[in-house]
1. Is at least one residue of region 68-83 surrounded by fewer than 19 Cβ atoms within 10 Å (Cβ to Cβ) and either touching a Gly at 6+ places or on another chain (Cβ under 7 Å) or farther than 26 Å from Ala189 by Cβ (or both)?
2. With respect to Trp186, is the statement that it is surrounded by fewer than 15 Cβ atoms within 10 Å (Cβ to Cβ), in contact with a Leu (Cβ under 8 Å, 6 or more places away or on another chain) and closer than 24 Å to Gly20 by Cα true?
3. With respect to Val162, determine if the residue is modelled with pLDDT of 95 or more, within 22 Å of Gly102 (Cα to Cα) and of a type in the set (A, V, I, L, M, F, W, C).
4. Filter region 258-301 down to the residues that are of a type in the set (Val, Ile, Thr) and not in a helix (DSSP H, G or I), then identify the one that is modelled with the highest pLDDT.
5. Six or more apart or on different chains, Cβ atoms under 6 Å: show the pairs whose first residue is in region 69-81 and within 15 Å of Leu8 (Cα to Cα) and whose second is modelled with pLDDT under 80 and polar (S, T, N, Q).
6. Looking at Leu96, Leu122 in this structure, which one is in contact with a Ser or Thr (Cβ under 6 Å, 6 or more places away or on another chain), within 17 Å of Asn63 (Cβ to Cβ), surrounded by fewer than 21 Cβ atoms within 10 Å (Cβ to Cβ) and modelled with pLDDT of 95 or more?
7. Give me a count of the residues in region 1-47 that are more than 19 Å from Asn63 (Cβ to Cβ) and aliphatic (A, V, I, L, M).
Amino acid sequence: MKQLLRDLMVLTKFRINVVGVFTGYTAIAVYNSMHLDDPVPGWQTLLCMLALLLMGGAANTWNQIIEKERDGRMERTRNKRPLPSGRMSLRTAWILALVQLGGSIGIFAGVFQSPLAVGLTLFTVFYYTVLYTMVLKPRHYLNIVIGGVPGAMGPLLAWSAVADSIAWEPVALFAIIFLWTPPHFWALAIKLREDYKAAGIPMLPVVKGVDETTRQIFIYTVIMVIATLLMPVVLPVFIGSFIYIAAAAVFGAVFTWWAWRIWRERPILNTMPLFHFSILYIGLLFTGVICDALIGTSVPS
């Protein structure tokens, strides 16, 4: 049973999924701060988080179904993932994917009655499984840039579920995650470049080398940090968001310094500390947004 649970978590990429769920909750917290007279009930918030978890699980399951052969050629995945290791059949994985997608659509359609959320769910799953996994990832070294859309969809999906519309606030949260994804993932890709090379996947470090990858990490980090600091200027809802602004400034400075350091120290470098810090960074940044929303420092519109 323990191995089965572990395999299910790996198949659905549970830890990555949690990031999407958390960013989705952030959008609901901002929405509630702007609609103090009619906030989203707690039970609906929980169901929305469940729907996001199921949608991400479905997309990640199909991703591993498609990549079974490639995963079997990579040292880090051939034994860890249940499909290439043979611990789970493709038929079982297909059933799990369909059940998860059906559950997610059922919640968005039945509980929230939001055609927009249903449409965005289908778009996200299609983008990740077809456009990214089947088209972009095996063909182009900028796959993670163009393919970063699905991983950033949490705020848009959550907002569309509770409001059945899109606003600039979740778009801003989407943009932060979208800009964060390349430096976050490339830090890992540098360490795994030999694995990607063996599997025939043209990740940036494989095609352009470590020097160019570290340069791109630094460039994207600078753009991301500037974007986070501009949020209070662009969106009134972030004016007075003192916790968020402090988090964006302090942790953004650390992120920038670290990205600059690995670029300057190439090719003798260890990028994994930056990879781990990037996860902490996005968590702390969005926690700042949530705290400001909960204590009412954001200005309702």
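The values are calculated or read from the model by the stated rules, or taken from the named source; none is laboratory data. Note that the structure is a prediction, hence the values are computed from the model and not measured. Here the Cβ is made from the backbone with ideal geometry for all residues, glycine too, and neighbour counts use every protein chain on show.
1. Yes - at least one qualifying residue is present in region 68-83.
2. no
3. yes
4. Checking each candidate, the answer is Thr271.
5. Every condition considered, no pair remains.
6. Step by step, each of Leu96, Leu122 is checked, and only Leu96 is in contact with a Ser or Thr (Cβ under 6 Å, 6 or more places away or on another chain), within 17 Å of Asn63 (Cβ to Cβ), surrounded by fewer than 21 Cβ atoms within 10 Å (Cβ to Cβ) and modelled with pLDDT of 95 or more.
7. 12
Conditions (1) touching a Cys at 6+ places or on another chain (Cβ under 6 Å); (2) hydroxyl-bearing (Ser, Thr, Tyr); (3) under 30 Å from Asp71 (Cβ atoms); (4) modelled with pLDDT under 95, marked per residue:
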{"position": "Leu11", "(1), (2), (3), (4)": "no, no, yes, yes"}
{"position": "Ile16", "(1), (2), (3), (4)": "no, no, yes, yes"}
{"position": "His35", "(1), (2), (3), (4)": "no, no, no, yes"}
{"position": "Pro39", "(1), (2), (3), (4)": "no, no, no, yes"}
{"position": "Trp43", "(1), (2), (3), (4)": "no, no, no, no"}
{"position": "Leu46", "(1), (2), (3), (4)": "no, no, no, no"}
{"position": "Met49", "(1), (2), (3), (4)": "no, no, yes, no"}
{"position": "Gly56", "(1), (2), (3), (4)": "no, no, yes, no"}
